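The values are calculated or read from the model by the stated rules, or taken from the named source; none is laboratory data. From a predicted model like this one, the values you see are computed outputs, not experimental measurements. Note that each Cβ is placed from the backbone with ideal geometry, even for glycine, and that neighbours are counted across all protein chains shown.
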Amino acid sequence: MSKEQFESIVGRFPCQVHWGDCDPAGIIFYPTYFRWMDAATWALMESAGYGAKRMRAEHLAMPLVSAECQFLAPAEHGDRCEVRSRIARFGGKSFVVAHDIVRADGTTLARGTETRVWGRFASGPGTPMKGETIPEALKALFRAK
């Protein structure tokens, strides 16, 4: 394992393709995957004790600076899926979350990544934010056992 790689716990976020998630042909509209990945990242953070409420109270933030997704197979209205998320890499002030979106039958529908910055607001949300070094204690919460 290289210095940049990180052996992470895996979060599992259930989701379902609803009619509003589809294009007129009944196939998932691609932004839905990005919405699911964002929600899965927040669920992963919450599972480690860093939910949105705590982060706001402590003036913490994790803005998204990059997102990408490879679409491997179509999802259709009614499909039940799961986003499997893990921390792929911790940098000094940034981290990468890797996501596999898998249909209930085991088919991998998409693979994506998000790059986020760990930061703190000067005096609460809406005030200037600065990137901060990711605490070792936070990294330890995500380390696979």
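Taken together, VAL96, VAL83 contain a single residue that is more than 21 Å from ASP23 (Cβ to Cβ), at pLDDT 95 or above, of a type in the set (Val, Ile, Thr) and under 13 Å from the mean Cα position of the chain (by Cα), which is VAL96.
Take segment 54-66 and flag every residue that is surrounded by fewer than 17 Cβ atoms within 10 Å (Cβ to Cβ) and either small (Gly, Ala, Ser) or over 17 Å from the mean Cα position of the chain (by Cα) (or both). ARG54, ARG56, ALA57, GLU58, HIS59, SER66 - these are the residues of segment 54-66 that are surrounded by fewer than 17 Cβ atoms within 10 Å (Cβ to Cβ) and either small (Gly, Ala, Ser) or over 17 Å from the mean Cα position of the chain (by Cα) (or both). Can you say whether TYR30 is surrounded by 16 or more Cβ atoms within 10 Å (Cβ to Cβ) and either in contact (Cβ under 8 Å) with a residue 12 or more places away in the chain or touching an Asp or Glu at 6+ places or on another chain (Cβ under 8 Å) (or both), as far as the supplied structure shows? No; evaluated as a whole, the condition is false for this residue. For segment 58-65, the count of residues that are farther than 21 Å from ILE9 by Cβ, out of contact with any Phe, Trp or Tyr (no Cβ under 7 Å at 6 or more places or on another chain), in a strand (DSSP E or B) and among the charged types (D, E, K, R) is zero. Which members of segment 11-27 meet the condition of being free of Cβ contacts under 8 Å to residues at least 24 places away in the same chain, of a type outside the set (D, E, K, R) and under 17 Å from ALA73 (Cα atoms)? Passing the criteria: only ALA25. Picking from residues in segment 85-119 that are surrounded by fewer than 16 Cβ atoms within 10 Å (Cβ to Cβ) and of a type in the set (D, E, K, R), the one that is nearest to PRO31 (Cα to Cα) is ASP105. One residue alone among LYS93, LYS53 is charged (D, E, K, R), farther than 17 Å from ARG143 by Cβ and touching a residue at least 12 places away in the same chain (Cβ under 8 Å), and that residue is LYS93. Is it the case that some residue within segment 17-31 is aliphatic (A, V, I, L, M), more than 23 Å from LEU138 (Cβ to Cβ) and not in a loop (DSSP other than H, G, I, E, B)? So far as segment 17-31 goes, yes, one or more of its residues are aliphatic (A, V, I, L, M), more than 23 Å from LEU138 (Cβ to Cβ) and not in a loop (DSSP other than H, G, I, E, B). Suppose we keep only residues that are in contact with a strand residue (DSSP E or B) (Cβ under 9 Å, 6 or more places away or on another chain) and assigned to a loop (DSSP other than H, G, I, E, B) within segment 106-145. Which one would you say is nearest to ALA88 (Cα to Cα)? In this case the residue turns out to be ALA144.
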